[in-house]
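Here the structure comes first, spelled out in structure tokens, and everything after it is commentary.
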Amino acid sequence: MSDSPVSTHDPKVASDSVEGPTPQDQKKMEQAYAQMKRKMSMQDISKKIKHKVMVLSGKGGVGKSTVATGLALSLAQQGMAVGILDIDITGPNVPKMMGLEGRRLHVEEGRIHPAQGHLGVKVISMAFLLDNEDTPVVWRGPIKLGAIQQFIADVEWGNLDYLIIDFPPGTSDEPLTVAQSLPDIDGMVIVTTPQDVALLDSRKSITFSESIKVPVLGVIENMSGFTIKGTTAPGSEVEISAPAGRTEKTTADKDGNFSVTLDIFKKGGGKLTAEEFDVPFLGALPFDPGFVRGGDDGVHRIVSEPEGASAIAFAAVVSAVQDQIKVDDGTSLEII
Ligand SMILES: Nc1ncnc2c1ncn2[C@@H]1O[C@H](COP(=O)(O)OP(=O)(O)OP(=O)(O)O)[C@@H](O)[C@H]1O
Ligand SMILES: [Mg+2]
């Protein structure tokens, strides 16, 4: 044994001197360090993304993913660099809509690289983590939220003009986790359909926005009206039997073409919600069976018909969203 008054080999003497960190302390320090690194990484990522927009709804099935992919593709049509983050763990369907079904994540030097979908839109989806896309992942609470944070911190988006974030239905923990992880979110758009039930639920989303301190950019009404077109004798009157016993009338033009928009559900629900909550109405998107086909065969309507009525409607909605982002640019957001 050494004569030295302090010997690291002597457990008694060592415990009398300055104590080293216990294994628990060590673990806490490592966790704090990892947390700090992750936070810094999120801030770095955030700086490279000019605008971040969340797509939410109170109710499922109103077309959030269709709208999120449509907004992304419409922005990409304008030449913007765009990404989509699909946060829906239990039913992610963005990859399918973007023609990326069955893709796996590409990881390089510890960074996750997004897949490139139609029009060069970068896509990250929880679906890329699933072994079998038919098996919904049942990740609970902290694991799910931790995975979302990690996804945000570890993805190499590069420079983006817009990141569109698609959520599962409802006002659950996911939007809060994203809002807390990703600084400077421009705002959320609320998707609703013209019916009353969807309308009621989108009100919940607006109240929720106040609690997570991300502004509502506005309300989008999806599946708004269904347009039928036809030809008949030039200048003749046309009568169409519409839903709920209504009759729609129009007159064919000089070439005999006519078109009538039928309100399959009710009309104007999105506008009413927007007015009631004093947030902007960003426009209506038509009911277009091409979206359903696009969801099935992986070619989004905007890609199959870039100059069609739906693409035009999306461009108008995108322009309304961009106007709101400009309006809100002066306000700095604090997410606590
Ligand atoms: N404007 C539209 N016209 C016709 N069909 C549409 C339209 N928008 C969405 N759909 C169809 O409605 C269904 C639900 O759409 P989508 O998956 O986008 O909804 P969601 O709100 O994301 O659903 P979830 O709540 O399950 O995430 C899909 O089959 C989609 O193709
Ligand atoms: Mg969806």
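Whether a residue is at pLDDT 85 or above, within 17 Å of the chain's Cα centre (by Cα) and either among the aromatic types (Phe, Trp, Tyr) or surrounded by fewer than 21 Cβ atoms within 10 Å (Cβ to Cβ) (or both) was assessed, and residue 145 does not pass this test.
Within the range 71-99, being away from ligand 1 (no atom under 15 Å from the Cβ) and of a type outside the set (Val, Ile, Thr) holds for 75, 76, 77, 78, 79, 80, 81, 83.
A quick yes/no check of all residues on (1) under 30 Å from residue 153 (Cβ atoms); (2) touching a Cys at 6+ places or on another chain (Cβ under 6 Å); (3) of a type outside the set (A, V, I, L, M); (4) not in a loop (DSSP other than H, G, I, E, B):
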site	(1), (2), (3), (4)
207	yes, no, yes, yes
217	yes, no, no, yes
220	yes, no, no, yes
223	no, no, no, no
235	no, no, yes, no
238	no, no, no, yes
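The lone criterion from (1) in contact (Cβ under 8 Å) with a residue 40 or more places away in the chain; (2) under 19 Å from residue 126 (Cβ atoms) left unmet by residue 76 is number (2). Residues that are farther than 22 Å from residue 217 by Cβ and either assigned to a loop (DSSP other than H, G, I, E, B) or of a type in the set (A, V, I, L, M) (or both) within the range 264-299 comprise 264, 265, 266, 267, 287, 288, 292, 298, 299, listed in sequence order. Out of all the residues in the range 158-187, which are touching a Pro at 6+ places or on another chain (Cβ under 9 Å) and either closer than 11 Å to residue 148 by Cα or within 14 Å of ligand 1 (Cβ to nearest atom) (or both)? Correct list: 165, 166, 167, 168, 174. Only one of the listed residues (227, 250) is part of a strand (DSSP E or B), touching a helix residue (DSSP H, G or I) at 6+ places or on another chain (Cβ under 7 Å) and either modelled with pLDDT under 80 or of a type outside the set (A, V, I, L, M, F, W, C) (or both). That residue is 227.
Of all residues in the range 76-111, those satisfying the criterion of being over 14 Å from the mean Cα position of the chain (by Cα) and assigned to a helix (DSSP H, G or I) are 76, 77, 96. Return yes or no: is residue 220 modelled with pLDDT under 90 and β-branched (Val, Ile, Thr)? Taking the combined requirement at face value, the residue does not satisfy it. Pairs are defined by a Cβ separation below 8 Å, a sequence spacing of at least 6 or placement on different chains, a first member in the range 235-263 that is free of Cβ contacts under 8 Å to residues at least 12 places away in the same chain and under 21 Å from residue 286 (Cα atoms), and a second member that is surrounded by 10 or more Cβ atoms within 10 Å (Cβ to Cβ) and of a type in the set (A, V, I, L, M, F, W, C); the pairs so defined are 247/240. Taking the criterion of being hydrophobic (A, V, I, L, M, F, W, C) and closer than 21 Å to residue 308 by Cβ, the residues of the range 241-279 that qualify are 258, 260, 262, 264.
Can you name the residue in the range 142-157 that is not in a helix (DSSP H, G or I) and not aromatic (Phe, Trp, Tyr) and, of all such residues, is nearest to ligand 1 (Cβ to nearest atom)? Going through the qualifying residues, I end up with 155.
The values are calculated or read from the model by the stated rules, or taken from the named source; none is laboratory data. In this text, all values refer to a predicted model and were calculated from it rather than measured experimentally. Every residue, glycine among them, receives a Cβ derived from its backbone with ideal geometry; neighbour counts consider all protein chains shown.
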